[in-house]
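Notes follow the structure.
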Amino acid sequence: MEGERTARAMARIEAASARIEAAVRQRAASAVSATPASDPELQRRFDHLQQEARVALEQIDQLIEELEG
């Protein structure tokens, strides 16, 4: 029972991670025409989004370690 719960949680975490990665790729693709030099605000927002994604993935990694631990 606990193994099934852990497996479902892991599947949800992996799906969330995939959605985050897809969103980052889509955002990056839509920003191809704007360069940091031409749009500093876009670069600032992109950097902020990357940092948020990095923190979220670190939290997911910690959750996985706790579930596996």
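When only residues in the range 53-68 that are surrounded by fewer than 12 Cβ atoms within 10 Å (Cβ to Cβ) and of a type in the set (Asp, Glu) count, which is farthest from THR6 (Cα to Cα)? Step through it out loud before you land on a result.
Going residue by residue through the range 53-68, those that are surrounded by fewer than 12 Cβ atoms within 10 Å (Cβ to Cβ) are 54-55, 58-59, 62, 65-66, 68.
Next, from what is left, pick out any that are of a type in the set (Asp, Glu): 58, 65-66, 68.
Details: GLU58: 18, GLU65: 11, GLU66: 10, GLU68: 8 Å.
Selected residue: GLU58.
Answer yes or no: is there a residue in the range 22-43 that is modelled with pLDDT of 90 or more, closer than 20 Å to MET10 by Cβ and in a helix (DSSP H, G or I).
No, the range 22-43 contains no residue that is modelled with pLDDT of 90 or more, closer than 20 Å to MET10 by Cβ and in a helix (DSSP H, G or I).
The values are calculated or read from the model by the stated rules, or taken from the named source; none is laboratory data. The structure displayed is predicted, hence computed values, not measured ones. Methodologically, a virtual Cβ is constructed for each residue, glycine included, from the backbone with ideal geometry; neighbour enumeration extends over all protein chains shown.
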